[in-house]
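The values are calculated or read from the model by the stated rules, or taken from the named source; none is laboratory data. Bear in mind that the values here come from a model prediction, so they are computed numbers and not experimental data. Reconstructed Cβ throughout: ideal geometry from the backbone, glycine too, with neighbour counts over all protein chains shown.
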Amino acid sequence: MIQSTTNQISPANERVYHQRNLIGDWKGEWLTSHQAVEFKVINIRGAKAQVEYTHNGRTERGLADVNGALITFGNVSIGTRNGQRAVLEFSSGTAKMSAVLDKQDTSADQNKLVGLWGGFSRTNGQSAYFQVLSVDGRDAQVSYTVNGASHKGTGTVYKNTVMFGQAQITSDDGKSGQVVFQSKHQTFSVPVTKYQAPSTSSSVNRLA
């Protein structure tokens, strides 16, 4: 009896697990019309999710409702069991459609974010330091300092962006990027570059 109890996952933890699996960029096509459809789940905060829904060549953005392991945005709902393939359903009156979506791989973009970033903006006089210690799926261990105040914890990864609290960092090439943060009800943007560790290739070659 003890063994079976310790192997069980509580319903609450299982729900959170499935919700976290939904975060990401999903692409596929409607089963009937074969038209392309895309659904992005940027983040989940309690009963709300920030999403983007692209269909028929247009994109809708906004907050969706989270109910268990299902996200509903207007007339569409999306759910996944394994975090790799999802089912998207559209329902409006008697009209119903389904689509099978695959999650897009963003690991390459995520790995570029790991490191220590710093910079100063001549435009607004703000400085920022943002460190991404590690990336594990949709979680990132981060710390950042703005205006002398430091914060650290677990951030949310979406493509080439890490979001944490009132700040986020974005980089396309893993060398330069932007830190955006809120302070005193204002939003500031600071250009940052990644600090490069000194190369140890020469010493390694000598040892070899």
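Assess whether G125 counts as being surrounded by fewer than 20 Cβ atoms within 10 Å (Cβ to Cβ), in the same structural domain as I44 (by TED's automatic domain parsing), out of contact with any Pro (no Cβ under 7 Å at 6 or more places or on another chain) and not in a strand (DSSP E or B).
No: the conditions fail for G125.
Any residue at all in the range 162-181 that is in contact (Cβ under 8 Å) with a residue 40 or more places away in the chain, among the aromatic types (F, W, Y), part of a strand (DSSP E or B) and under 28 Å from N21 (Cβ atoms)?
No.
Would you check which residues across the range 112-129 are without any contact (Cβ under 8 Å) to a residue 40 or more places away in the chain and closer than 30 Å to T80 by Cα and list them?
V114
With the requirement that a residue be in contact with a helix residue (DSSP H, G or I) (Cβ under 8 Å, 6 or more places away or on another chain) and either assigned to a helix (DSSP H, G or I) or modelled with pLDDT of 70 or more (or both), what does the range 1-52 give you?
Passing the criteria: V41, I44, A49.
Being out of contact with any Asp or Glu (no Cβ under 8 Å at 6 or more places or on another chain), in a strand (DSSP E or B) and more than 14 Å from V87 (Cα to Cα) is the filter here; which residues of the range 59-77 pass it?
G62, L63, A64, D65, V66, N67
Can you pull out the residues in the range 96-148 that are over 30 Å from H55 (Cα atoms) and of a type in the set (V, I, T)?
If the condition is that a residue be over 30 Å from H55 (Cα atoms) and of a type in the set (V, I, T), then V114, T123, V132, V135, V142, T145, V146 are the ones that fit.
Could you list, in sequence order, the residues of the range 63-99 that are in contact with a Phe, Trp or Tyr (Cβ under 9 Å, 6 or more places away or on another chain) and either on the phi > 0 side of the Ramachandran plot or assigned by TED's automatic domain parsing to the domain that holds V162 (or both)?
G74, G83
Quick check: is even one residue across the range 145-159 farther than 26 Å from N21 by Cβ and touching a His at 6+ places or on another chain (Cβ under 9 Å)? Show your work before the answer.
Pass one, the range 145-159, residues farther than 26 Å from N21 by Cβ: 145-151.
Narrowing further to those that are touching a His at 6+ places or on another chain (Cβ under 9 Å): 145.
Yes, that holds for at least one residue.
Within the range 78-88, track down each residue that is more than 18 Å from the chain's Cα centre (by Cα) and part of a strand (DSSP E or B).
V87, L88
I'd like the full set of residues that are modelled with pLDDT under 95 and either over 15 Å from I23 (Cα atoms) or buried (at least 16 other Cβ atoms within 10 Å of the Cβ) (or both), limited to the range 76-86.
Here is the first cut: in the range 76-86, the ones modelled with pLDDT under 95 are 79-86.
Those that are modelled with pLDDT under 95 and either over 15 Å from I23 (Cα atoms) or buried (at least 16 other Cβ atoms within 10 Å of the Cβ) (or both): G79, T80, G83, A86.
Please go through the range 128-137 and pick out each residue that is of a type outside the set (V, I, T) and buried (at least 21 other Cβ atoms within 10 Å of the Cβ).
Matches in the range 128-137: A128, F130.
List every residue pair whose Cβ atoms lie under 9 Å apart, where the two residues are 6 or more positions apart in sequence or sit on different chains, the first residue falls within the range 130-149 and is farther than 12 Å from A167 by Cβ, and the second residue, located anywhere, is of a type in the set (K, R).
Listed by first residue and then by second, the contacts come to L133/K152; G137/R20; R138/R20; D139/R20; Q141/K152.
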